[in-house]
Amino acid sequence: MNLILLGPPGAGKGTQAKRLEQAHGLVQLATGDMLRAAVASGNPLGQRVKGIMEAGHLVPDAVLIEMIESRIGQPDCASGFILDGFPRTVPQAEALDAMLKARGQKLDHVVLMEVDEAALVDRLGGRFSCGACGASYHERYNRPKVEGVCDICGSTNLIYRADDRPESVATRFAAYRNQTAPILPYYKDSGVLTSIDGMADIDEVTRQIEAVLAR
Ligand code: ADP
Ligand code: ADP
Ligand code: ZN
């Protein structure tokens, strides 16, 4: 099963992808996590994208397309993957279609997580993440079971993201509206898109997504 979790920054894509990964043996492909790993390592790609990401702009399509193409060809993706953060532009969606076709694969579901902007601001304002595995936490809505320790991988490297500062958040919302929302008609037309109520609590959102996958 191959799926896309789609939604604005803070919609809960990463939180739900981690749950689906564990429940269904799928691989989470989180492009934001991949790019942040490159930035942390200081490699040439990381140096190139650091400023773009911190400002809240999108990284050029060619970089993302190459990254996903090489990733979905790896053996662990053969039994299915969850795209979290990709595609984010029409050219990325078209490139994904072409690469899946070439591999004889298809998309089973595109799940659109709808959350209003006031709630997104509140979520991003209290978000912190695991620097090792990318798991997302929230100061009020989703604290780790043991204070300061990642539930999933046990790392104590819990960090606030530079791009969750209000200056960058506004730019990220604009990028979503102007560059990412235009891919919705593309998936609506092909019949794979289902919208869910991302405003519900984390467990309820998981139930809604599971209901879509069970269809
Ligand atoms: P969020 O989950 O909060 O929406 P991500 O972790 O997915 O954020 O992405 C963080 C940043 O990484 C984006 O603001 C953008 O700069 C870059 N990025 C991630 N995925 C893509 C993509 N598919 N296309 C362009 N830029 C991307
Ligand atoms: P995305 O990957 O779409 O940017 P995240 O999964 O990182 O979003 O979630 C954004 C923030 O909101 C995190 O702090 C997370 O703990 C919290 N969160 C996720 N889902 C919910 C929810 N359904 N209700 C309240 N808070 C949530
Ligand atoms: Zn972790």
Handout entry: Leading residue by the ranking (farthest from the chain's Cα centre (by Cα)) among those in the stretch 141-161 that are open to solvent by 40 Å² or more (accessible area, probe 1.4 Å) and within 21 Å of E204 (Cβ to Cβ)
Key = K145
Completion exercise
In the set A181, A175, the lone residue that is within 20 Å of G12 (Cβ to Cβ), small (G, A, S) and within 13 Å of ligand 2 (Cβ to nearest atom) is A175
Handout entry: Answer residue from the stretch 178-197, given it is of a type outside the set (V, I, T) and not in a helix (DSSP H, G or I) and is surrounded by the fewest Cβ atoms within 10 Å (Cβ to Cβ) among those
Key = G191
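Matching residues to (1) modelled with pLDDT under 95; (2) among the β-branched types (V, I, T); (3) in contact with a strand residue (DSSP E or B) (Cβ under 9 Å, 6 or more places away or on another chain):
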residue	(1), (2), (3)
G73	yes, no, no
S79	yes, no, yes
T89	no, yes, no
E114	no, no, yes
Y141	no, no, no
S155	no, no, yes
R161	yes, no, yes
R165	yes, no, no
Problem - Matching residues in the stretch 6-58 - criterion: being without any contact (Cβ under 8 Å) to a residue 24 or more places away in the chain and buried (at least 17 other Cβ atoms within 10 Å of the Cβ) - result: A38, V39, L45, V49, K50
Problem - Residue count, the stretch 84-129 (criterion: surrounded by 20 or more Cβ atoms within 10 Å (Cβ to Cβ), over 20 Å from S168 (Cβ atoms) and within 12 Å of ligand 2 (Cβ to nearest atom)) - result: 2
Completion exercise
Per the list (1) within 11 Å of ligand 2 (Cβ to nearest atom); (2) among the hydrophobic types (A, V, I, L, M, F, W, C); (3) under 21 Å from L96 (Cβ atoms); (4) part of a helix (DSSP H, G or I), residue check on V205 breaks on (3)
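Yes/no per residue for (1) within 30 Å of A95 (Cβ to Cβ); (2) within 15 Å of ligand 3 (Cβ to nearest atom); (3) acidic (D, E):
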residue	(1), (2), (3)
L124	yes, no, no
G134	yes, yes, no
N157	no, yes, no
R161	yes, yes, no
Fill in the blank from the handout: For the stretch 161-180, pairs from a residue that is in contact (Cβ under 8 Å) with a residue 12 or more places away in the chain to a residue that is aromatic (F, W, Y) and buried (at least 18 other Cβ atoms within 10 Å of the Cβ), with Cβ under 9 Å and 6 or more apart or across chains, are R161/F128; D164/F128
Completion exercise
All-but-one check, A200 against (1) within 11 Å of ligand 2 (Cβ to nearest atom); (2) in a helix (DSSP H, G or I), failing number (2)
Practice task
Answer yes or no: is there a residue in the stretch 122-129 that is under 24 Å from F81 (Cβ atoms) and within 16 Å of ligand 1 (Cβ to nearest atom).
Solution key: yes
Problem - Residue satisfying all of: in the stretch 136-171; closer than 21 Å to E54 by Cβ and part of a loop (DSSP other than H, G, I, E, B); farthest from ligand 1 (Cβ to nearest atom) among these - result: N157
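The values are calculated or read from the model by the stated rules, or taken from the named source; none is laboratory data. Worth saying up front: this structure is predicted, and the values here are computed from it rather than measured. Backbone-built Cβ (ideal geometry, glycine too); neighbour counts: all protein chains shown. What goes into the accessible areas is simple: the full protein's heavy atoms, side chains included, and nothing from ligands, DNA or RNA. Shrake-Rupley method; radii C 1.70, N 1.55, O 1.52, S 1.80 Å.
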